[in-house]
Amino acid sequence: MPISARMKKKQWKIMPPDDRADTIATHLNISQLTAQLLINRGICSTEDAVVFLNPKLKDLIPPDQMPGVTKAIPRIKKAIQTAQKITIFGDYDTDGISGVSIIWQILKLLGADVDYYIPHRSEEGYGLNADAICSLSEGGTKLLITVDCGATAGETAQLASKLGIDLIITDHHRLESTLPKAFAIVHPGLEPSYGNQESSGSMVAFKLAWAIANEFNNGPRLEPRLRDFMINATSLAAVGTIADIMDLRGENRILTSFGLKTLADCELVGVKALIETAGLTGQGLDSFHIGFRLGPMLNAAGRMGHARLAVELLTSDSEIRAVQIAEYLKEQNTLRRQCEQKIFKHACAMINESGLNHPDRKTIVIAEDSWHKGVIGIVASRIVDRYYKPTIILNTEAETAQGSARSIAGFDILDAICSCSSHLNDFGGHKMAAGVRLQRDKIESFAFAFEEYAKVNLNEDDFIDKLSIDAQTQLSNIRMDTVIELKRLEPFGQGNPRPIFVTKGVRLAAAPRRVGAKGSHLQLSVTDNTAAIRCIGFGMGPLEKKFLENEFFNVVYEADINTFNGSSNVQLVLADVQFD
C-alpha cells in the first residue's frame with residue numbers, strides 16, 4: 001500500500017550489502033534482494049530464513065510456558081465449575097478489545113457465568129480504578145481477569161482482595177519493581193527467558209484462552225468446538241497485535257500470518273460485519289487494512305464514546321445487531337477524523353505561536369480545555385510527524401489534566417516521564433507512547449522538567465528524521481517476479497517494515513503529471529538506463545517543477561504491483577527524492 005511522502009529533508013540510512021545474502025539466496029532459491037531483506041531483519045541463517053518464510057502454527061510457544069498461566073488456570077477452572085461470577089476487565093483500545101473478546105468467548109463456550117467491563121476513556125481513564133472495583137464487587141464478581149492492563153495496579157489490587165475478589169492480571173506493559181498483589185499475574189516479562197517478550201495484550205489473552213481450552217479438553221487434540229474457536233481467535237489476536245504496533249517477527253509473525261489468512265473467512269459474526277462495513281469483503285487482508293481501516297473503527301468506539309460497543313460487536317451472534325454496531329463505528333470513525341483534524345490544526349497554530357517549533361526546543365507540551373481526550377493520542381502522533389520532537393498533548397477541562405505522549409526514535413518517553421513523576425498523579429505506557437495524569441497547576445513545572453530531561457538525553461542528530469533503506473539497487477532488479485517474492489515477507493509492520501529501496505542517478509523517462517482531486521500527487525516514469533519504471537509520488541505534486549529542472553536525481557521507493565483494466569505492472573511508490 002502507498003506510503004505518504006512528507007515534504008521535509010530526511011537522513012537516508014542505506015543498509016550495506018551483506019555477504020551472507022549469497023548463501024541464503026542460493027540455498028532458498030530466492031533473489032539477492034529478498035535475502036538481503038531477511039538479513040536486515042535479523043534473519044541471518046538459512047535455517048532461520050526457512051522458518052521466517054514459512055510460518056507455522058505448530059511453532060507457537062505452548063500456552064503453559066507463558067509466565068503465570070499455570071497458576072491462573074486452576075482458579076479459572078474452579079470459578080467455571082462452581083458458577084462463580086467472572087468479569088473480564090479490559091483496556092479500551094483495539095488490543096484490549098480483542099483480548100477481552102477472546103477470553104469472554106472461550107469462557108462462555110465452557111458455560112461460565114462471565115461478563116466484561118471496559119472503562120470509559122474520558123470518565124475513568126486507563127486501567128483498574130477503585131469505583132469500578134467496588135461496583136463489580138456489589139454486582140457479585142468473585143474472579144476478575146484483566147486484559148491489557150493491571151501491571152501497575154498496586155492499590156486497586158489490594159482493594160479487590162479486601163472486597164473478596166480474586167484478581168488475575170494479564171498484561172504486557174512494563175512491570176514495576178513491586179508487583180501488584182494478585183492471585184496470579186500472566187505476563188511475558190515475569191521471566192526474561194520467555195521467548196516472546198514483545199507479546200501484545202491480545203496475544204497474552206490468546207495464550208490464556210488456549211490454556212483454558214486445553215484444561216477442559218479430552219485427548220491430545222482440541223475437540224472441534226474449541227478448535228474452531230481458537231482458529232477464529234487467531235484473527236482477533238492478530239488484529240490486536242498489529243493495531244498495538246508490536247514487533248512482527250518471531251512468534252508474533254506466526255500468529256499474525258495465520259490470523260490474517262483466516263480473517264477474511266472468520267466465522268465470528270461481528271468480524272464479518274466489521275469487514276463488510278469497511279468495504280473489505282472479498283479482499284486479501286493485510287496489516288495495512290488492520291492498522292488503517294479495521295483497527296481505527298474498533299478504536300473509534302472508545303475514543304468517541306464507549307469501547308464496550310466494540311466488544312459487543314466482536315462477541316455478537318446476531319447479524320442484525322453486528323451490522324448496526326459496525327455501521328455506528330464507521331460513523332464514529334468519520335467523526336474522529338474530523339475532530340482529529342480540527343485539534344491538529346489548532347495545536348500546530350499554538351506550537352508556532354509559542355515558539356515550541358524553535359530548533360533549540362527539544363520537546364512539545366501543549367494543553368487545551370476543549371480537546372477531545374479520545375483523540376489527543378492520535379494528534380500527538382501527527383505532531384511528532386510534523387515537528388519530529390517528543391510530544392505530550394493534554395486535555396485540561398477538569399482539575400486533573402489527562403494527556404497522551406508520543407516519542408521519536410531512540411528516546412524512551414516512559415523513562416522521561418518517570419524522571420518527572422513528582423509532578424504527576426499517575427502514568428504508564430511504552431518506550432514510544434504513554435499516558436499521564438496531573439493537576440492543572442503542575443503542567444508548567446512538568447513541561448519544564450520534561451524539557452530539561454530531553455536536553456540532557458537527546459543530541460542534535462536525534463532530531464533528524466531518518467529513513468532506513470533496505471538496499472541500493474538498479475531498476476532492472478525490480479522485476480515482477482521479485483516484487484511477488486517480496487510479498488512472502490508479509491505481514492509488514494514493526495520490526496518487519498515494508499521493503500524500501502534506493503536507486504541513484506535516475507532521470508525522467510516521461511514528463512511528470514499531477515494527479516488527484518487537487519493535483520497533490522505526481523505520476524512519472526524514471527530510468528537508470530537498465531530499466532524504465534512508472535512511479536507514483538503521493539503528496540509530491542508540488543515537486544513537479546523540481547523534477548523538470550534536474551536532469552538526474554535519486555529516488556527511494558517501495559516496489560508494488562499496479563493492476564488496471566486487467567493488466568498488471570510494477571510500479572514504484574516514491575517515499576523520498578534527492579535532487580542534490
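Coordinate-derived values only; no laboratory data. Here the structure is a predicted model, which means the values were calculated and not measured. Here the Cβ is made from the backbone with ideal geometry for all residues, glycine too, and neighbour counts use every protein chain on show.
Computed packing ranks the peptides 530-540, 554-564, 12-22 as 530-540, 554-564, 12-22, most packed first, by mean other Cβ atoms within 10 Å. When the listed pairs 162/431; 85/181; 56/272; 261/431 are checked against a 28 Å cut-off, the alpha-carbon distance exceeds it for 162/431; 261/431. Between segment 227-289 and segment 17-74, the C-alpha centres lie 20 angstrom from each other.
Approximating the spin labels as points 7 Å out from Cα along Cα→Cβ, the residue 176-to-residue 487 distance works out to 4.9 nm.
From most to least packed by mean Cβ count within 10 Å, the peptides 184-192, 88-96 give 88-96, 184-192.
Taking a quarter of the surface of the Cα convex hull of segment 393-502 gives a mean projected area of 9.5 nm². Approximating the spin labels as points 7 Å out from Cα along Cα→Cβ, the residue 82-to-residue 561 distance works out to 5.8 nm.
Sequence-distant contacts, meaning Cα pairs under 8 Å at least 6 residues apart, place the relative contact order of the chain at 13 percent.
For segment 306-386, the equivalent ellipsoid derived from the alpha-carbon gyration tensor has semi-axes of 36, 11, 9 Å in decreasing order.
When the square roots of the Cα gyration tensor eigenvalues are ordered a ≥ b ≥ c, the ratio a/c for segment 495-551 is 1.5 or more and a/b does not exceed b/c, which makes its shape oblate. Taking every C-alpha pair closer than 8 Å and separated by at least 6 residues, the mean separation divided by the residue count of segment 355-463 gives a relative contact order of 24 percent. Based on alpha-carbon atoms, the Kirkwood radius and the radius of gyration of segment 199-240 give Rg/Rh equal to 0.99. For the chain, the antiparallel share of DSSP beta bridges with both residues in that region comes to about 60%. The structure shown yields volume of the Cα convex hull per residue in Å³, and of the options (i) 306; (ii) 168; (iii) 194 that calculated value carries the label (ii). Restricting attention to segment 453-580, close to 85% of DSSP beta bridges with both partner residues there are antiparallel. Look at the Cα gyration tensor of segment 1-91: its axes a ≥ b ≥ c give a/c of at least 1.5 with a/b at or below b/c, and that counts as oblate. Remark: relative contact order (segment 62-262) = 25 percent; criterion is Cα-Cα distance under 8 angstrom and separation of 6 or more residues.
Sites listed here are trypsin sites (Lys or Arg not before Pro) in segment 35-126 whose DSSP assignment is loop and whose Cβ has at most 14 other Cβ atoms within 10 Å: 56. Angle of helix 224-243 to the longest C-alpha principal axis of the chain, folded into 0 to 90 degrees and rounded to 10: 50°.
Rounded to the nearest 10 degrees, the angle from helix 319-354 to the longest Cα principal axis of the chain is 60 degrees. Once every Cα of segment 62-262 carries one equal point scatterer and solvent is ignored, give the base-10 log of I(q)/I(0) from the Debye formula at q = 0.19 Å⁻¹, two decimals. The calculated log intensity ratios at q = 0.19 Å⁻¹ are -1.41.
Once each part is reduced to its C-alpha centroid, what is the distance from segment 151-173 to segment 359-406 in angstrom? After rounding, the separation between the Cα centres reads 30 Å. Checking every one of the GluC sites (Glu not before Pro) in segment 209-317 against DSSP loop status and a limit of 15 other Cβ atoms within 10 Å picks out 267. Past the 20 Å Cα-Cα mark, which pairs from 389/545; 518/545; 362/466; 466/487? Violating the 20 Å limit, Cα to Cα: 389/545; 466/487.
Length gained on full extension, residue 479 to residue 412: 20.1 nm, using 0.36 nm per residue less the C-alpha separation. Label reach from residue 399 (point 7 Å along Cα→C-beta): in segment 440-480, amide nitrogens under 17 Å belong to 440-443. Summing Lys and Arg as +1 and Asp and Glu as -1 over all other residues whose Cβ lies under 15 Å from the Cβ of residue 363 gives a net charge of -2.
The angle between the Cα long axis of helix 376-387 and the main principal axis of the chain comes to about 20°, on a 0 to 90 degree scale.
Please label the shape of segment 233-366 as rounded, prolate or oblate, based on the square roots a ≥ b ≥ c of the eigenvalues of the alpha-carbon gyration tensor (a/c under 1.5 means rounded; beyond that, a/b larger than b/c means prolate, else oblate). Oblate.
The Cα center of segment 128-148 and the Cα center of segment 498-535 differ in position by 57 Å.
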